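Derivation of every value follows stated rules applied to the coordinates shown; laboratory data play no part. Note that the structure is predicted; figures quoted are calculated from it, not measured. A quick note on method: Cβ atoms are made from the backbone with ideal geometry, for glycine too, and the neighbour counts reach across all protein chains shown.
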Amino acid sequence: MKVTREEILHIANLARLNLEENEIDKYLENLDDILNFAKIVNNAPVDGLGITIGANEAKNVFRKDEIKVFEDTESLLQNAESTEQNMFKIPKVI
Amino acid sequence: MNITELTVHELQEKLKNKELTITEITKAYTDRINEKEKDVQAFVTTLTDTALRESEEIQTKVEKGELTGEFAGIPIGIKDNMCTKGIKTTCSSRMLENFIAPYDATVVEKLNKENMINLGKLNMDEFAMGASTEYSYFKKTRNPWNLNKVPGGSSGGSAAAVAANMVPWALGSDTGGSIRQPSSFCGVVGLKPTYGLVSRYGLVAFASSLDQIGPITKDVYDSAMLLNLISGYDEKDTTSSDRKKVDYTKCLKNNVKGLKIGVAKEFFGEGINKEVKSSLQRAIETYKNLGAEIEEFSLDIAQYALATYYIVACAEASSNLGRFDGIRYGYRTKEFKNLRDLYKKSRSEGFGPEVKRRIILGTYVLSSGYYDAYYKKAQQVRTLVMNEFDKAFEKYDVILTPTSPTVAFDIGSKSNNPLEMYLSDICTVSLNIAGLPGISIPCGIDKTGMPIGMQLIGNKFEEETILNAAYTFEQATKFREKYKPGI
Amino acid sequence: MSREDYEVIIGLEVHAELSTKTKIFCSCPTEFGGAPNTHTCPICMAMPGTLPVLNEKVVEYAVKAGLATNCEISKNSKNDRKNYYYPDLPKSYQISQYDKPLCENGEVEIETKDGKKTIRIERIHIEEDAGKLNHDDFGGGSLVDLNRAGVPLIETVSRPDMRSAEEAENYLRKLKSIFEYIEVSDCKMQEGSLRADVNVSVRKKGDTKLGTRTEMKNMNSFKSIVRAIDYEAERQIDVIENGGKIYQETLRWDDVSGKTFSMRDKEDAQDYRYFPDPDLVAIKLSEEYIQNIKNSLPELPESRKQRYLEEYKLSEKDAKLITSSKYLSDLFEEATAICNNAKAVNNWIISDISKILNENEMEPVQIPFNSKQLAKLIILIDKGTISSSIGKKVLAELFNNPRDPEEIIKEKGWIQISDEGAIKDVVLKVLKANPQSIEDYKGGKDKALGFLIGQAMKETKGKANPQMLNKMFLEELKK
């Protein structure tokens, strides 16, 4: 099963990545190689096995509903390329 | 005496007997960094000046008796994917070239509480995605044993810096082998703790269900000490374990009599380099002579685990790296027509090819139509892998494998073949899939003089068992006394 | 075919912001407003390396909501990531719940013109709210404020069981009052803490399969929801009648033009790639935990209504109106407790107060005065200190500038005249000025008396005690 150009472009768009024309074939080839290897999971004897999400079986780890104010809120904007009125500036969104 | 060749416990000894001062130690390391960094290229950010200043402050506090902690003034290096307040945290990516975290990672807080001295942030594969540190946006770190070879990855900067005596020890992170494989390539000791033993808060996420922070050190005793410092429950990380803390230096008994070691024969099959195999065979003999009970057994999960690893890790990464959108922090493209253009250009220019490759793979396996065939299946295989290990640990205390199929390879020899690069994780990923602890220690060198690593796998939260097994082997073989990197 | 041959089918996805003190995954305050990006921290700003920790109250409130809407509570639940890019979503994924919501298979009963009707609830799940986009002064771009990012929401998804805009409105009002009663959300629609995504489709009467639906997102006023549904239903019917086809899409309702507009983005075939969030652990609720919450549930609107019928002998209609809002209902009970005149309190609420609310499109929570002040107003009337017509003026004043009614009437000089002498003077003055009315009365025209009393009221700006006026005019006219 080969991945098509259309598919990889759709996937790249979902991931908000541009693929240059000259890159597409390379990415396609890599993706095919890796998927061909990865599909061996379908040969694994897993009938009747449940899924594992994380590597630890912890449950119900909750936080108390108590306010802790983060003081240095300026530092949260200092890495932004463009801000205005203490907000992040982006192209106009309708 | 050559200060930078000492282990941390040796440094502590000399500090106690006043043979050395904190400033002397820090000076020795900053000199070493200034001398060797041009060859090894281990650091993204060096902090030599601030380190010297801090060392003087701490020295005086210690003299005044204001500081008494046994780690006060001990230098360390930190992989550049752990957040350090006020200091750049780049993940070796153009995306975060100028990123300054507004907070400290929990592990960094713990080191600061001990008044340890940060010598700098260490190079890595971009966002920890790689096995050679060639995928760093900034530089290719060299292997101190042979500057034409890779140090391994993704924690290549950390392992190389320890091997080259540019830091006494370092923190790395391990998602599929990123602590153990570079430690093996660089002839040092690397421990990947049980998932949940060390807080991930402040570790820039690659794959949340697999990532763990761990020590890279010159010997096993230092590994146990650094694990003492960074382990423990953190209310900021709900996946961290709340079991009570233990002192990992207490388990180093230098005795493996009766220890049941299982040798997983599939991990010695084709694809594993001959010299690596024979070196491991000698290590097994050593354990026999030390009174351990060795048994070969079948653990046929490596291929499944590796496939599962690349599905799960890339799926999680494709989501974890979504936040790098050029809005709040990180690289933003200079020219854009609209929001979508801003997103796409910023991400395409900010991420390197390997990161993009994995984001695309991860997005693909999660996308509608493929989820069940890949991601869901992988989660079932994950259960299978865990079950297989559970069975094995009913019979054995420790499972012994090579850390890597090969020794360090030449720079540039694999960087154009992703799949081949992925295969070098074959021995290490299954532990991350199952959440198990593993340690890599040097067990010999090949005829080209490159170190070979042995991996000891323990059951969940059984770090003490593998640390003792590793320590006992180390005491018997004295690798560090026999072999030193060329640099 | 005509409009009547079609059936409108409506489903609602209602988002309610929970009234917890802190956000769902970090300890920042949820409080509305605040200077931009001041209620934020590294976690809700999605700084690299940060991790979420679930707020226990969010789980508790969601379970409360589920029990109050007759849902089954899942003993085994989890959080999932919904991946999509938008500037108000800092992580580029929303932590929500996909295949294991906390609550499932509930139902609520609503009133319709043909009697009671059950609306089924498919699920209630917890998720995080997004930030806000503002437009900058120079129009050059948009500005992102993340104060709201991470505020906890419950999303209540109904089955497509509603058949008219009216039913949809009643269902939403019902949910709103339930959430207010159990105090999991303040449901302030004007602040966006209660919003609905409205799904509308049409089909020919008798058809069994559903037509293609369109969705209108983030509607936060009953009025526009009703208008939007009616408009969209008409539009779809027209399209079909003219041989056209309905596309499944998200529409934007424009209140000004009263039309819906397509928002379809050709570049974007949406695929949210839901998967379990590996940063969070499983939620496993014990029977005991669920029972404790069940036992802690307060009285719900239905049973309050019943109580009003019996205890206060209110009419079905009045009891329903008052209990439709926890705020009104509390106002009623508190004021009654003070003035113990349930009938009067009831009348003020259902007539004058409701009238003013409707005229100004206000929600009951926006009533500016408190139950004490309302009770005081009623006491003043009962004591005869003021007339009920003055009472209406006082109420208007309470809406403008709420304060003690006693002060108001002093200030405005609205105290009723009950002094014999003063009244007598007015009566004589009025009689003097209207000889014709005296003639008429004596000539048997009784309503002349009414006219005279009216004149006297005018003289005294309505402050004269009407009973006394009546009595005195009769005495004088008898002479």
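Please compare each pair in B:395/C:78; B:88/C:91; C:372/C:471; C:355/C:412; B:376/C:294; B:110/B:149 to a cut-off of 26 Å on the Cα-Cα distance and tell me which ones are over it. Mind showing how you got there, number by number?
Working: B:395/C:78 34 Å; B:88/C:91 21 Å; C:372/C:471 34 Å; C:355/C:412 24 Å; B:376/C:294 36 Å; B:110/B:149 34 Å.
With Cα atoms farther than 26 Å apart: B:395/C:78; C:372/C:471; B:376/C:294; B:110/B:149.
For residue A:39, which aspartates and glutamates qualify as cross-link partners when the Cα separation must be under 19 Å and same-chain residues fewer than eight apart are set aside?
Counting by Cα, and skipping residues close in sequence, residue A:39 has these aspartates and glutamates nearby: A:7, A:29, A:47, B:300, B:316, B:372, B:420, B:425.
State whether segment C:241-378 is rounded, prolate or oblate according to the following rule on the C-alpha gyration tensor (a ≥ b ≥ c being the square roots of its eigenvalues): a/c under 1.5 gives rounded; otherwise a/b larger than b/c gives prolate, and the remaining case gives oblate.
Details: a/c = 2.87, a/b = 1.50, b/c = 1.91.
Cα axes put segment C:241-378 in the oblate bin.
Within 10 Å of each Cβ in B:323-336, how many Cβ atoms from other chains are there, averaged over the peptide? Walk me through the numbers before you get to the answer.
Numbers: counts 10, 4, 10, 5, 12, 16, 11, 4, 1, 4, 1, 1, 0, 2.
Mean partner shielding for this stretch: 6.
From the phi angles alone, apply the Karplus equation (6.51, -1.76, 1.60; θ = phi - 60°) to segment B:459-465 and give each ³J(HN,Hα) in whole Hz, x where the residue is Gly or Pro.
Values, residue by residue: 6, 3, 6, 9, 3, 4, 4 Hz.
For residue C:313, go through the aspartates and glutamates and keep the ones whose alpha-carbon is under 15 Å away, minus same-chain ones fewer than eight residues off.
By straight Cα distance, residue C:313 reaches C:333.
Any chance you could give the angle, 0 to 90 degrees and rounded to 10, that helix A:21-38 forms with the longest Cα principal axis of chain A?
With rounding to tens, the tilt is 70 degrees.
Could you tell me what % of all Cα pairs in chain A have separations over 17 Å? Walk me through the numbers on the way to the answer.
Numbers: 3331 of 4371 pairs.
Roughly 76 percent, once rounded to a whole number.
Please state the shape class of segment B:236-298: rounded when a/c is under 1.5, otherwise prolate if a/b exceeds b/c and oblate if not, all from the C-alpha gyration tensor. Kindly include the intermediate steps, with their values, before the conclusion.
Values: a/c = 2.68, a/b = 1.52, b/c = 1.77.
Here segment B:236-298 falls in the oblate category.
Helix C:371-382 versus the longest principal axis of chain C: what is the Cα-based angle in degrees, 0 to 90, to the nearest 10?
Its long axis makes an angle of about 20 degrees.
What ranking do B:89, C:336, B:401 get, fewest neighbouring Cβ atoms within 10 angstrom at the top? It would help to have the intermediate numbers written out before the result.
On the way: B:89 25, C:336 21, B:401 28.
Placing the least packed residue first, the sequence is C:336, B:89, B:401.
If amide hydrogens are placed 1.01 Å from N in the peptide plane, which non-local residues have theirs closer than 5 Å to the one on residue C:281?
Residues meeting the amide H criterion: A:61.
Report, as an integer, the average count of C-beta atoms from other chains found within 10 Å of each Cβ along B:345-356. List each step's numbers first, then the result.
Details: counts 3, 2, 6, 8, 1, 0, 2, 0, 4, 1, 1, 7.
Other-chain Cβ atoms within 10 Å of each residue's Cβ, averaged: 3.
Which whole-Hz couplings ³J(HN,Hα) result when phi for each residue of segment C:231-246 is put into the Karplus expression 6.51 cos²θ - 1.76 cosθ + 1.60, θ = phi - 60°, listed in order with x for Gly and Pro?
Taking θ as phi minus 60°, the curve returns 4, 5, 4, 4, 4, 4, 4, 4, 3, 5, 4, 8, x, x, 10, 8 Hz for segment C:231-246.
Express in whole angstrom the spacing between the alpha-carbon centres of segment C:2-51 and segment B:73-119.
A separation of 33 Å, based on Cα centres.
Expressed in nm², what is the orientationally averaged projection area of the convex hull enclosing the Cα positions of the protein assembly as shown? Present the calculation step by step, with values, prior to reporting the outcome.
Values: hull surface 220.8 nm².
For the protein assembly as shown, the mean projected area of the Cα convex hull comes to 55.2 nm².
Can you put C:178, B:87 in order of Cβ neighbours within 10 angstrom, beginning with the fewest? Provide the component values of the computation, followed by the final result.
Working: C:178 22, B:87 18.
With the sparsest Cβ surroundings first, the list reads B:87, C:178.
Are there cysteines in chain C with no other Cys C-beta under 4.7 Å, and if so, which?
Cysteines of chain C left without a disulfide-compatible partner: C:26, C:28, C:41, C:44, C:187, C:339.
For peptide B:306-314, what's the mean number of Cβ atoms from other chains within 10 Å of each residue's Cβ? Provide the component values of the computation, followed by the final result.
Working: counts 4, 10, 5, 1, 5, 5, 4, 0, 2.
That works out to 4 on average.
Taking 0.36 nm per intervening residue step and subtracting the Cα-Cα distance, what contour gain separates residue C:288 from residue C:327 on full extension?
Details: separation 39, 0.36 × 39 = 14.04 nm, distance 3.14 nm.
Full extension from residue C:288 to residue C:327 adds 10.9 nm.
Over segment B:1-142, what per residue volume does the convex hull of the Cα atoms give, in whole Å³?
Expressed per residue, the convex hull around the Cα atoms of segment B:1-142 is 112 Å³.
Peptides C:427-439, B:132-144: what's the order by average Cβ count within 10 Å, highest mean first?
Working: C:427-439: 14.9, B:132-144: 25.5.
Ranking, from highest mean packing down: B:132-144, C:427-439.
Around residue B:219, under 15 Å between beta carbons, what's the net of Lys plus Arg minus Asp minus Glu among the other residues? Let's see the in-between values first.
Numbers: positive: B:218, B:478, B:480, B:482, B:484; negative: B:5, B:10, B:13, B:222, B:474, B:481.
Here the count lands on -1.
Helix-only estimate, please: 222 nm mean residue ellipticity of chain B, summing -39500 (n - 2.57) across DSSP H runs of length 4 or more and dividing by its residues, to the nearest 500. Mind dumping the intermediate values first?
Values: 16 runs with 189 residues, N = 487.
Calculated at 222 nm, the ellipticity per residue is -12000 deg cm²/dmol.
Which whole-Hz ³J(HN,Hα) couplings does segment B:51-63 yield from phi under the Karplus relation 6.51 cos²θ - 1.76 cosθ + 1.60, θ = phi - 60°, glycine and proline marked x?
These are the phi-based 3J(HN,Hα) values: 4, 4, 4, 4, 4, 5, 4, 5, 3, 5, 4, 5, 4 Hz.
Students often check this: by mean Cβ neighbours within 10 Å, which of C:389-401, B:53-65, B:352-364, C:227-239 ranks highest, and how do the rest follow? Numbers along the way, then the final one.
Numbers: C:389-401: 16.9, B:53-65: 15.3, B:352-364: 24.0, C:227-239: 19.2.
Per-residue Cβ counts within 10 Å, averaged per peptide and sorted highest first, yield B:352-364, C:227-239, C:389-401, B:53-65.
Where does each of B:26-38, C:46-58, B:160-172 land if you order them by average Cβ count within 10 Å, highest first?
On the way: B:26-38: 18.5, C:46-58: 23.0, B:160-172: 29.6.
Result, highest mean Cβ count within 10 Å first: B:160-172, C:46-58, B:26-38.
For chain A, the longest stretch holding no GluC sites (Glu not before Pro) located in a DSSP loop with at most 12 other Cβ atoms within 10 Å is which? Can you show the working numbers first?
Working: sites that count: A:20, A:57, A:66, A:71.
After excluding every exposed loop site, the longest remaining stretch is A:21-56.
Could you tell me the calculated FRET efficiency between residue C:355 and residue C:241, based on Cβ-Cβ distance and R0 = 51 angstrom, to the nearest 0.05?
The computed FRET efficiency comes out at 0.80.
May I ask for the equivalent-ellipsoid semi-axes of segment C:3-288, computed as the square root of five times each C-alpha gyration tensor eigenvalue and listed largest first in whole Å? Show your work: numbers first, answer last.
On the way: eigenvalues 199, 115, 63 Å².
Semi-axis lengths for segment C:3-288 are 32, 24, 18 Å.
Among rounded, prolate and oblate, which fits segment B:56-118 when a ≥ b ≥ c are the square roots of the eigenvalues of its C-alpha gyration tensor, a/c under 1.5 means rounded, and a/b larger than b/c means prolate?
On the way: a/c = 2.98, a/b = 2.81, b/c = 1.06.
Here segment B:56-118 falls in the prolate category.
Using only DSSP helix segments of four residues or longer, with each worth -39500 (n - 2.57), what per-residue ellipticity at 222 nm results for chain C after dividing by its residue count and rounding to 500? Before the final figure, lay out each step's value.
Details: 16 runs with 187 residues, N = 479.
-12000 deg cm²/dmol, from helical runs alone.
Any idea what the alpha-carbon Rg over 2.2 N^0.38 Å comes to for chain B? Before the final figure, lay out the partial values.
Values: Rg = 21.3 Å, N = 487, 2.2 N^0.38 = 23.1 Å.
For chain B, the normalised Cα radius of gyration comes out at 0.92.
Distance from the Cα centre of segment C:160-177 to that of segment A:41-59, in angstrom?
Rounded to whole Å, the Cα centres lie 42 Å apart.
How far apart, in nm, are two points set 7 Å out from the Cα along the Cα-to-Cβ line at residue B:282 and at residue B:419?
3.5 nm
Which net charge results for the neighbourhood of residue C:426, defined as the other residues with beta-carbon distances under 12 angstrom from its beta-carbon, given Lys and Arg at +1 and Asp and Glu at -1? Can you show the working numbers first?
Working: positive: C:424, C:429, C:432, C:458, C:461, C:463; negative: C:419, C:420, C:425, C:459, C:476.
It works out to a net charge of +1.
In whole angstrom, how far apart do the alpha carbon centroids of segment B:318-369 and segment C:178-221 sit?
Each part reduced to its Cα centre gives a spacing of 34 Å.
Taking H placed 1.01 Å from N in the peptide plane, check which residues at least 5 places from residue A:82 or on another chain put their amide H under 5 Å from its amide H.
Result for residue A:82 returns A:89.
List the lysines whose Cα sits under 16 Å from the Cα of residue A:68, skipping any in the same chain fewer than 8 residues away.
Within reach: B:236, C:21, C:23, C:57.
Quick check of the Kirkwood formula: for segment B:281-399, what is the inverse mean of 1/r over all pairs of different Cα atoms, in Å? The partial results should precede the final answer.
Values: mean 1/r = 0.0563 Å⁻¹.
That comes to 17.8 Å for segment B:281-399.
Where does each of C:317, C:463 land when they are ranked from fewest to most other beta-carbon atoms within 10 angstrom? The partial results should precede the final answer.
Numbers: C:317 9, C:463 19.
Ranked by crowding around the Cβ, least crowded first: C:317, C:463.
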